[in-house]
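A.B. asks: To start, I am sharing the structure in question, which I have written as structure tokens.
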Ligand SMILES: [Zn+2]
């Protein structure tokens, strides 16, 4: 519980160049301190450039085939129902990356009606999304992924999944794995889901 009424006021970094913001501030004349440079973070217009994105994906599970998560084969004899390889973790990561750069979603970029993506290794989607990220001079600060699956137990694969994702996107990567406590289709083992949050910043090396 967060007690009300006696918290320390939270201060946020000043957004962007004065006069270029979204406007509509309701706090009257600005008393904000000027933007402070962040060590190691390149600046643009006096303020570091950050972009955040979140992604979510879910696939039904079926018997047979392989279950691939974050590019790692974690189980045989079970697989997602999908047009591509159904890597739910990578799909959530792609949506987070595309979200951070306001580029729509994975379905728009790689339609599941396109035969080109039939049984595709989802790594190609991540590579394409990262290409767009780098094109904008951005790099991954950190990526946080949560995978929800009743089976198999993923604990033993976490380090390999982290290594795999780090190799794909860079930055600081974390993978969390849990069950859905028996609730809904994920909890009944009929589906697998993943969530991802990514923070990007200006790399300073690209225009
Ligand atoms: Zn998917």
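A.B. asks: Sort 110, 50 so the one with the fewest other Cβ atoms within 10 Å of its own Cβ comes first. Numbers along the way, then the final one.
C.D. replies: Working: 110 20, 50 16.
Ranking 110, 50 by Cβ neighbours within 10 Å, fewest first, gives 50, 110.
A.B. asks: Order by neighbour count: 83, 91, fewest other Cβ atoms within 10 Å first, most last. Walk me through the numbers on the way to the answer.
C.D. replies: Values: 83 15, 91 28.
Ascending Cβ contact count within 10 Å gives the list 83, 91.
A.B. asks: Still on this structure, I have one more. Quick check: residue separation of residue 159 and residue 127 times 0.36 nm, minus the Cα distance between them. What number comes out in nm?
C.D. replies: 9.5 nm
A.B. asks: Continuing with this model, one more query. Can you pull the one-decimal nm distance between simple spin-label points at residue 141 and residue 66, each 7 Å off the Cα toward Cβ?
C.D. replies: 3.6
A.B. asks: Right, another one. Label points 7 Å out from Cα along the Cβ direction at residue 50 and residue 181: separation in nm?
C.D. replies: 2.9
A.B. asks: Give the order of 138, 143 when sorted by the count of other beta carbons within 10 angstrom, beginning with the fewest.
C.D. replies: On the way: 138 22, 143 25.
In increasing order of surrounding Cβ atoms, one gets 138, 143.
Computed from the coordinates by the stated procedures, all read-outs in this text should not be read as laboratory data. Keep in mind that this is a model prediction, so the values were computed, not measured. All Cβ positions, even for glycine, are placed from backbone atoms using ideal geometry, and neighbour counts span all protein chains on display.
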